[in-house]
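Accompanying notes for the structure given below.
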Amino acid sequence: MVSRYPEYLDPAKWRRNLALQIEGLDFRVWPDVGKNEDILLVLADFAPPGLFRSLRNLRCICKLGAGMDALFEDPDLPEIVPIVRLQDPTIASQVVEYIVLYVLSRHRHLEIYRRQQLERTWHPIPTRVTSEVIISLLGMGRIGAKAAEIFQRLGFAVKGWSRTAKKIAGVECLFGEGTLTDVIGDADYVICALPLTPETRGICDRRFFEAMKPGAWFINVGRGGHVNEVDLQTALESRQLAGATLDVFSTEPLPKNHPLWAHPKVTITPHVANFWLDGGIDEVAQLYRRLLAGCSPQNVVDKSLGY
Ligand code: NDP
């Protein structure tokens with residue numbers, strides 16, 4: 001197992017639970033990988049430079065967590081070794097919980113009422129009917145499509161944006177670069193749930209924020225690399241945006257002196273939209289058994305797409 005996030009992944013738990021399913025398992029935790037040629041399968045949430053290339057008998061890399069970007073950043077990633085993405089639905093469900101939580105909190109003025117309570121003041125604020133509120137989801141994969149369905153059921157007007165065409169009942173689905181402005185131009189909430197790829201890096205920049213409806217709210221659960229943080233601050237200060245909820249940042253942990261920390265219109269969480277990576281243990285056991293049986297792995301990522 002290769003991990004740089006001890007808060008999220010407990011190697012001892014993985015070793016214990018995998019050993020219950022795989023007799024004689026030899027489970028090693030990076031950087032103590034032992035003899036490189038012994039390693040058949042790597043479970044990784046990132047790619048230590050040059051490590052994968054050095055594993056001569058490596059048959060598969062299994063990405064822990066949803067985003068593939070942390071692996072594709074490695075210029076030495078072996079071409080022929082398949083990369084598997086876990087199918088555990090809990091990761092997407094948790095991120096959807098996060099998105100719904102922050103949209104509904106703002107929609108129902110929770111933060112304002114909390115302040116009112118502390119000040120012992122009583123100022124009812126009208127709540128807009130959901131059908132008049134437009135929510136746009138960038139990325140209509142496991143996270144975006146699920147969030148879109150939930151918002152649609154709550155009665156919001158929902159738009160979704162993806163690379164290829166989608167059809168979801170009650171959701172206006174658009175796809176391709178040329179439609180981005182149509183997706184974000186009239187939305188009250190724009191939610192980035194995209195994977196970080198060469199096409200999507202820096203997508204939320206000055207032009208993007210200028211194309212958003214004045215007074216809209218921006219939520220990023222994708223990756224920090226999607227957002228030009230200086231352009232975001234400019235959009236917040238010019239009042240183009242009412243505010244932003246950010247779970248991911250270009251540098252994590254967010255440096256102590258970063259101006260976003262103190263920005264009154266920004267809500268920051270420390271990359272916790274999903275906090276569940278242990279759900280993949282059974283899937284990994286199955287994958288390992290397939291490899292031992294000489295079968296090809298399932299759920300292999302298309303490296304040419306980068307997600
Ligand atoms: P999926 O791979 O299931 O979906 C990705 C979506 O993005 C697809 O709809 C895809 O389109 C779309 N997409 C990709 N490239 C483009 C593009 N160039 N233009 C328009 N749309 C594009 O990913 P998930 O939903 O599981 O996760 C998305 C991202 O969320 C992850 O990559 C990760 O970065 C982030 N994440 C963050 C977490 C957190 O804790 N903050 C936790 C989990 C994930 P198409 O459907 O046509 O292929």
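The values are calculated or read from the model by the stated rules, or taken from the named source; none is laboratory data. None of these values were measured; they are calculated from a predicted model. Here Cβ is always computed from backbone atoms with ideal geometry, including for glycine, and neighbour counts include all displayed protein chains. What goes into the accessible areas is simple: the full protein's heavy atoms, side chains included, and nothing from ligands, DNA or RNA. Shrake-Rupley method; radii C 1.70, N 1.55, O 1.52, S 1.80 Å.
Structure values in brief
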read-out	value
Residue count for region 266-305, restricted to those that are aromatic (Phe, Trp, Tyr) and either within 12 Å of the ligand (Cβ to nearest atom) or open to solvent by 50 Å² or more (accessible area, probe 1.4 Å) (or both)	2
Of all residues making up region 70-101, the number that are aliphatic (A, V, I, L, M), under 24 Å from Phe151 (Cβ atoms) and modelled with pLDDT of 95 or more	6
Residue match in region 180-193 (condition: near the ligand (Cβ under 9 Å from one of its atoms) and out of contact with any Gly (no Cβ under 9 Å at 6 or more places or on another chain))	yes
Check on Thr181, open to solvent by 30 Å² or more (accessible area, probe 1.4 Å), more than 22 Å from Ile143 (Cα to Cα) and among the β-branched types (Val, Ile, Thr)	no
Cβ-Cβ under 7 Å pairs, at least 6 apart or on other chains, region 154-177 side polar (S, T, N, Q), far side within 8 Å of the ligand (Cβ to nearest atom)	Ser162/Gly139; Ser162/Met140; Ser162/Phe175; Thr164/Phe175
Criterion violated by Asn36 - all others in (1) under 23 Å from Cys295 (Cα atoms); (2) out of contact with any Ser or Thr (no Cβ under 6 Å at 6 or more places or on another chain) satisfied	(2)
Residues within region 151-178 that are hydrophobic (A, V, I, L, M, F, W, C), crowded, with 21+ Cβ neighbours inside 10 Å and within 9 Å of the ligand (Cβ to nearest atom), tallied	1
Residue within region 198-206 that is within 13 Å of the ligand (Cβ to nearest atom), assigned to a loop (DSSP other than H, G, I, E, B) and in contact with a strand residue (DSSP E or B) (Cβ under 7 Å, 6 or more places away or on another chain) present	no
Whichever residue in region 241-262 is free of Cβ contacts under 8 Å to residues at least 24 places away in the same chain and touching a strand residue (DSSP E or B) at 6+ places or on another chain (Cβ under 8 Å) and, among such residues, is surrounded by the fewest Cβ atoms within 10 Å (Cβ to Cβ)	Trp261
Test: Phe52 is under 25 Å from Gly34 (Cβ atoms) and aromatic (Phe, Trp, Tyr)	yes
